[in-house]
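Undergrad: One structure follows; several queries about it will come next.
The values are calculated or read from the model by the stated rules, or taken from the named source; none is laboratory data. On a predicted model such as this, the values are computed, not experimentally measured, just so you know. Note that each Cβ is placed from the backbone with ideal geometry, even for glycine, and that neighbours are counted across all protein chains shown.
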There are 2 protein chains.
Amino acid sequence: MSNQKFNVAVVGATGAVGEQILGLLDKREFPIFNLKLLSSIRSAGTIINFRGQDITVEEATPESFEGIDIALFSAGGDVSKELAPHAVRLGAVCIDNTNAFRMDPNTPLVVPEVNPEQIDEHNGIIANPNCSTIQMVAALKPLQDAYGISRIIVSTYQAVSGAGTRAIDEMLRQSKEVLEGNEIKPDILPVGSLPVKHQIAFNAIPQIDKFLDNGYTLEEMKMVRETKKIMRDESIDVTATCVRIPVIYGHSESVYVELKKDFELEDVRDLLAESPGITVMDDPASQTYPLATDAAGKPDVFVGRLRRDLGESKALNMWIVSDNLIKGAAWNAVQIAEIIAAKRSACS
Amino acid sequence: MSNQKFNVAVVGATGAVGEQILGLLDKREFPIFNLKLLSSIRSAGTIINFRGQDITVEEATPESFEGIDIALFSAGGDVSKELAPHAVRLGAVCIDNTNAFRMDPNTPLVVPEVNPEQIDEHNGIIANPNCSTIQMVAALKPLQDAYGISRIIVSTYQAVSGAGTRAIDEMLRQSKEVLEGNEIKPDILPVGSLPVKHQIAFNAIPQIDKFLDNGYTLEEMKMVRETKKIMRDESIDVTATCVRIPVIYGHSESVYVELKKDFELEDVRDLLAESPGITVMDDPASQTYPLATDAAGKPDVFVGRLRRDLGESKALNMWIVSDNLIKGAAWNAVQIAEIIAAKRSACS
């Protein structure tokens with residue numbers, strides 16, 4: 001690799017994912033020439049220290065991307081829809097962490113462990129999948145390659161950090177109120193923009209994002225559609241039930257997967273253990289399995305509770321856990337940025 | 001019904017389920033002549049007020065059941081195994097809330113909404129199913145009758161009260177410690193009798209009860225075996241993933257169910273709404289679905305998130321919630337006691 005450095009913009013720099021992106025760019029020694037931090041006008045003016053330098057967050061506008069090589073977006077779908085095309089016009093490659101372009105047929109939807117080759121197919125924008133999708137496809141891709149997958153039924157146990165820092169604050173505040181015997185007044189979850197609010201502390205809410213006409217939530221349909229797109233197989237049946245639970249960081253998933261070929265459980269375990277980005281934690285005898293509290297802060301996807309299905313001979317069940325802000329968002333985006341940077345450096 | 005009254009014993013009177021049983025016997029005006037409260041030697045001597053009368057809890061021994069008509073057991077499987085046969089010998093009918101006799105072919109396993117006719121087949125002991133099984137079969141029985149069921153895949157979101165009052169205390173204590181930034185030392189969950197403990201506050205633990213050789217936990221295999229026994233159909237494929245989450249009261253379940261016949265979703269909704277003990281809460285437009293916090297303290301099984309599966313045309317997905325201490329334990333047991341009392345009164 002040459003010593004090429006890049007002008008990088010982070011849109012949504014003050015948010016939960018933006019914070020993780022900055023931490024990873026630093027930790028991974030990403031080759032940055034100039035770093036521009038962007039946000040809504042509400043957070044503009046915030047000062048963030050990066051590698052010893054104080055950087056003032058600026059309001060993101062269509063002209064903010066002048067001279068930017070790589071722009072990482074995580075400020076909500078509307079912001080990406082408005083500004084990413086301007087960033088592209090000005091020559092940047094956008095890595096978008098929102099839902100804005102994921103299902104656009106001209107936008108690759110990339111998990112580097114699954115479909116890195118699609119990065120090259122971009123037209124200026126590469127979409128980062130939804131957090132709950134990323135960890136599932138990362139764990140299932142080795143099975144797809146080895147056996148083929150015919151069907152996935154997933155139930156999720158999703159952390160409040162997936163709904164942003166205000167949702168974390170709400171959950172912690174409600175927990176304290178319940179412990180003190182006070183009344184609570186939900187005001188953010190399950191969906192900030194919808195009228196009805198439910199208690200998240202000491203509860204399980206079977207709604208993440210708005211409902212669609214088919215009775216599924218948008219979060220559930222993201223898992224369905226994105227999985228098929230990333231795995232490049234529209235014939236896989238996917239059904240999802242997405243549930244928010246009182247966990248701060250780390251989504252857990254109970255996944256039933258039906259394969260096309262017979263398998264030995266030990267082979268599946270070995271295959272996953274050898275796969276990049278996957279850590280197998282699966283030893284019932286020592287009560288070892290993935291836990292959200294253990295996964296928090298780590299980049300890996302953790303897999304355990306591997307066991308044969310009791311009815312269908314070609315199916316197995318598994319428990320997949322990962323930090324939704326890291327592999328589920330920031331780390332996946334930074335991985336994509338690293339691949340782009342490496343290719344550009346190699347060509348320069 | 002005549003005015004016959006019964007001598008009733010409650011074994012495990014000081015436990016989480018025992019407390020609910022006493023509350024329900026009172027509330028339901030159960031025809032009690034004499035009430036005997038029994039426990040381990042540790043809790044003997046505790047005084048409990050029932051219908052204005054202070055009753056001293058006595059240590060349960062083989063001779064405690066002299067003159068008892070109906071004995072309700074919820075003091076753990078070992079206590080039931082030891083003492084229920086003595087209660088039967090002394091002429092009592094035992095309603096056992098533990099795992100001790102559930103899979104015994106000579107012991108009926110009863111959910112009154114599902115298989116009340118089996119109460120008559122008892123040989124002195126009637127088993128109350130596991131909490132997570134009860135609410136699921138109560139919701140699925142109407143579908144079995146109308147369409148037939150070929151397959152069930154369930155992932156649970158289970159409350160800590162299922163592990164007893166000490167587990168509730170631990171979860172609340174851990175939550176407080178985490179909120180205050182203190183270190184926590186798990187000492188009960190996931191399984192009191194096993195060596196490894198995990199944090200339950202702000203976490204999801206995919207282990208309830210010990211692991212079996214097939215990689216499933218005993219809790220998961222209870223759901224599998226009990227469902228087949230209660231529904232009297234060994235051909236139903238059942239797979240379960242049982243998970244403890246930081247909820248105090250109320251188990252939630254994400255259930256995929258494959259039927260034998262075609263169905264209209266509206267017919268399923270109507271059928272469930274008309275079924276005894278079931279309350280349908282299912283209106284996405286108003287963000288209405290069952291929640292553990294709403295189900296807590298109520299006897300019903302709540303069903304919502306009803307939707308067609310996206311892959312299998314004869315399958316649907318649903319969200320089933322009920323208070324694990326009430327319908328999942330105490331209320332189911334008291335319902336059985338009421339049926340026995342009514343039959344005896346009718347015959348007397």
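Undergrad: I'm checking my understanding of the structure. Among residues of region A:288-314 that are under 16 Å from the mean Cα position of the chain (by Cα) and more than 9 Å from chain B (Cβ to nearest Cβ), which one is surrounded by the fewest Cβ atoms within 10 Å (Cβ to Cβ)?
TA: Among them, the one singled out is A:Gly297.
Undergrad: Scan region A:151-160 and give yes if some residue there is under 19 Å from the mean Cα position of the chain (by Cα) and closer than 18 Å to A:Gly15 by Cα, otherwise no.
TA: There is at least one residue in region A:151-160 that is under 19 Å from the mean Cα position of the chain (by Cα) and closer than 18 Å to A:Gly15 by Cα.
Undergrad: Look through region B:265-287, keep the residues that are away from every other protein chain (no Cβ under 13 Å) and assigned to a strand (DSSP E or B), and return whichever of them is nearest to the chain's Cα centre (by Cα).
TA: Here the answer is B:Ile278.
Undergrad: Check whether at least one residue in region B:315-325 is in contact with a helix residue (DSSP H, G or I) (Cβ under 7 Å, 6 or more places away or on another chain) and aromatic (Phe, Trp, Tyr), and report yes or no.
TA: There is no residue in region B:315-325 that is in contact with a helix residue (DSSP H, G or I) (Cβ under 7 Å, 6 or more places away or on another chain) and aromatic (Phe, Trp, Tyr).
Undergrad: Can you find even one residue in region A:173-180 that is closer than 29 Å to A:Asp300 by Cα and either surrounded by 22 or more Cβ atoms within 10 Å (Cβ to Cβ) or of a type outside the set (Gly, Ala, Ser) (or both)?
TA: yes
Undergrad: Give me the pairs, please: first residue somewhere in region A:194-210 and at positive phi and at the interface with chain B (Cβ under 9 Å from one of its Cβ atoms), second residue anywhere and assigned to a loop (DSSP other than H, G, I, E, B) and of a type in the set (Val, Ile, Thr), beta-carbon distance under 8 Å, and either six or more positions apart or on two chains.
TA: A:Phe202/B:Val247; A:Phe202/B:Ile248
Undergrad: Same structure, new question: Residues that are touching a helix residue (DSSP H, G or I) at 6+ places or on another chain (Cβ under 8 Å), at least 2 per element: which strands (runs of 3 or more DSSP E) completely within region A:13-112 meet that?
TA: A:32-39, A:47-50, A:70-73, A:93-96
Undergrad: If you don't mind, there's one more thing I want to ask. Is it the case that B:Ile188 is modelled with pLDDT of 95 or more, surrounded by 16 or more Cβ atoms within 10 Å (Cβ to Cβ), over 17 Å from A:Gln287 (Cα atoms) and more than 10 Å from every other protein chain (Cβ to nearest Cβ)?
TA: no
Undergrad: Restricting attention to region A:234-264, which residues are more than 13 Å from chain B (Cβ to nearest Cβ) and part of a loop (DSSP other than H, G, I, E, B)?
TA: A:Lys260, A:Lys261, A:Asp262, A:Phe263, A:Glu264
Undergrad: So, one more: Report whether or not B:Ala329 is over 28 Å from B:His198 (Cβ atoms), more than 14 Å from chain A (Cβ to nearest Cβ) and buried (at least 21 other Cβ atoms within 10 Å of the Cβ).
TA: Spelling it out, it is not the case that B:Ala329 is over 28 Å from B:His198 (Cβ atoms), more than 14 Å from chain A (Cβ to nearest Cβ) and buried (at least 21 other Cβ atoms within 10 Å of the Cβ).
Undergrad: Turning to a different aspect of this structure: Just give me the residues in region B:214-233 being at positive phi and within 10 Å of another protein chain (Cβ to nearest Cβ), in sequence order.
TA: Selection gives B:Gly215 alone.
Undergrad: Oh, and also: Out of everything in region B:138-182 that is in a loop (DSSP other than H, G, I, E, B) and at pLDDT 95 or above, what residue ends up being farthest from the other protein chains (Cβ to nearest Cβ)?
TA: This residue is B:Gly148.
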